[in-house]
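Peer 1: Got a structure for you, written out below as structure tokens; questions coming shortly.
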Amino acid sequence: MIQNERDYQEIDLSVESENAAARRIEDAGGKIIAPPFDIQIGRAVVVEDPWGNRMVLLDSSKGHLVTDADGIVTGVE
């Protein structure tokens, strides 16, 4: 998913476990910017790779967002 309403692009990556994925980023020299937190579809964590690229790691263990034909979020599936 790409967020283009801000002055910067947000990269969201789907992962099986936000904690495990964040540890791998840290092990590779990156860092956690925002610790794991609950979201509507599961859990997320904001990380930065060793080159300064920020990413949101998404664990969608509670489902997926459902959108209508216009791309508007209508619920969780």
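Peer 1: Filter region 18-43 for residues that are over 24 Å from residue 75 (Cβ atoms), in contact with a strand residue (DSSP E or B) (Cβ under 6 Å, 6 or more places away or on another chain) and small (Gly, Ala, Ser) and give the result.
Peer 2: Listed by number, the residues that qualify are 21, 22, 30, 34.
Peer 1: How many of the residues in region 44-57 are of a type in the set (D, E, K, R) and either loosely packed, with under 15 Cβ neighbours inside 10 Å or farther than 27 Å from residue 76 by Cβ (or both)?
Peer 2: Going through region 44-57 one residue at a time, the tally reaches 2.
Peer 1: Of the residues in region 17-35, how many are surrounded by 17 or more Cβ atoms within 10 Å (Cβ to Cβ) and either within 10 Å of residue 59 (Cα to Cα) or touching a residue at least 24 places away in the same chain (Cβ under 8 Å) (or both)?
Peer 2: Qualifying residue count, region 17-35: 4.
Peer 1: Give, as residue ranges, the strands (runs of 3 or more DSSP E) completely inside region 1-75 that count at least 1 residues that are more than 15 Å from the chain's Cα centre (by Cα) and at pLDDT below 95.
Peer 2: Result: 65-67.
The values are calculated or read from the model by the stated rules, or taken from the named source; none is laboratory data. On a predicted model such as this, the values are computed, not experimentally measured, just so you know. Virtual Cβ from ideal backbone geometry, glycine too; neighbours counted across all protein chains shown.
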